[in-house]
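The values are calculated or read from the model by the stated rules, or taken from the named source; none is laboratory data. This one's a predicted model, so the numbers in the text were calculated from it and none came from an experiment. A quick note on method: Cβ atoms are made from the backbone with ideal geometry, for glycine too, and the neighbour counts reach across all protein chains shown. For accessibility, only protein heavy atoms count, side chains too; no ligands or nucleic acids. Shrake-Rupley method; radii C 1.70, N 1.55, O 1.52, S 1.80 Å.
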Amino acid sequence: MATRACIFGLSGLELTTEEKDFFADAQPAGFILFRRNVETPEQVKALTDALRVTVKHEPMILIDQEGGRVRRLRPPHWPDYPPAAQFAAVANDRDEERSLVRMGARLMANDLFALGINVDCAPVLDVPQPGAHDIIGDRAYGLTPEDVAVMGRAACEGLLAGGVLPVIKHIPGHGRAGADSHAALPIVETPLEELVKVDFLPFQANADMPLAMTAHVLYTAIDKKHPATTSKKCIRVIRDTIGFDGLIMCDDLSMNALSGELKTRAKASIKAGCDMLLHCNGELDQMREVLDETPKLKGRAHDRFIAAMKRLLRTPEPLDVAEARKRFDAALSRAGKTESRADPTEFQAAT
């Protein structure tokens with residue numbers, strides 16, 4: 001059976017009979033987990049094992065585990081991680097910051113690898129700008145494109161070393177957005193020259209990574225009508241100007257930044273040049289609608305999928321977890337409490 005160019009969510013802590021039948025028929029390229037899908041390590045490992053049984057290929061199994069506000073795995077069963085912005089606050093210098101970012105990502109990968117999760121929707125490579133919506137905020141590694149580029153690469157290196165694929169997001173940059181794309185379509189009117197100099201730079205510096213997620217943002221300097229996810233012009237900029245030749249997945253199709261029926265969104269995303277569709281809420285009727293417009297994974301999209309999966313290490317880089325955790329926690333303790341500010345919103349989409 002042919003693999004389809006889509007990644008789907010699921011409803012709960014274990015697969016329903018309907019979900020098993022649907023996934024076996026649909027053969028999605030992957031799955032994405034949310035807090036509704038995680039309870040204990042034993043339960044999550046059983047769930048990822050069950051997901052693998054439903055398809056005829058090795059699937060991508062994704063989760064959003066950035067640290068701070070966006071982390072699906074939390075205490076008491078999993079270690080806590082700080083928001084990206086906190087590393088600069090505790091490090092004595094840039095070299096130590098880079099080391100801490102890599103160590104944190106390596107420890108995160110250790111958590112995910114043990115659960116059978118092979119893709120982390122991180123790091124955020126967006127560069128926050130004054131006056132922008134705080135949907136990015138402390139999820140960013142810094143306020144300059146250079147800092148974000150360097151620390152983003154450190155995070156990617158830590159994940160890859162632990163046998164987990166990173167997803168650089170939100171390409172070509174969400175840092176100027178004046179709205180939360182979960183709720184509305186952000187419109188960025190910045191000139192292209194400035195976008196290249198600031199917003200694109202972290203993605204250019206990490207263009208060798210295997211996976212990227214689009215921003216549901218409209219950039220008038222590139223396309224006056226369509227957000228990046230459904231814009232041929234913007235995908236061309238991602239490929240040619242940024243130089244990213246890995247697999248591009250769209251951000252969640254059910255987010256309110258996109259308009260029209262799900263079928264329309266899915267079709268437009270593929271037509272624009274996205275390699276993979278992402279639908280997160282686990283509602284079967286909606287997944288069926290998306291599947292109707294999901295092509296078989298073939299051509300360049302298939303090649304990029306295979307190339308990404310080949311980046312997975314079967315044997316992760318050796319790690320003394322207890323010692324690494326001790327050093328990591330000691331560094332973070334300089335700032336006192338490592339928990340990010342409270343956020344009542346549990347982001348449903350792959351943010």
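Scan segment 184-201 and tell me whether some residue there is under 15 Å from the mean Cα position of the chain (by Cα) and either open to solvent by 10 Å² or more (accessible area, probe 1.4 Å) or modelled with pLDDT of 95 or more (or both). Taking every residue of segment 184-201 in turn, none turns out to be under 15 Å from the mean Cα position of the chain (by Cα) and either open to solvent by 10 Å² or more (accessible area, probe 1.4 Å) or modelled with pLDDT of 95 or more (or both). Filtering segment 2-34 to residues that are in contact with an Asp or Glu (Cβ under 6 Å, 6 or more places away or on another chain) and open to solvent by 50 Å² or more (accessible area, probe 1.4 Å) leaves only 13.
In summary, helices (runs of 4 or more DSSP H) completely within segment 247-315 and bearing 1 or more residues that are among the acidic types (Asp, Glu) occur at 284-291, 299-310. When 114, 88, 132 are screened for being open to solvent by 10 Å² or more (accessible area, probe 1.4 Å), touching a residue at least 24 places away in the same chain (Cβ under 8 Å), among the small types (Gly, Ala, Ser) and assigned to a loop (DSSP other than H, G, I, E, B), only 132 passes.
Within the set of pairs 6 or more residues apart or between chains, which connect a residue that is over 11 Å from residue 229 (Cα atoms) inside segment 259-278 to a residue that is among the polar types (S, T, N, Q) and not in a loop (DSSP other than H, G, I, E, B) with Cβ atoms less than 6 Å apart? Within 6 Å, the pairs are 262/286.
The residue that is nearest to residue 62 (Cα to Cα), counting only those in segment 135-154 that are open to solvent by less than 10 Å² (accessible area, probe 1.4 Å) and in contact with a Phe, Trp or Tyr (Cβ under 8 Å, 6 or more places away or on another chain), is 152.
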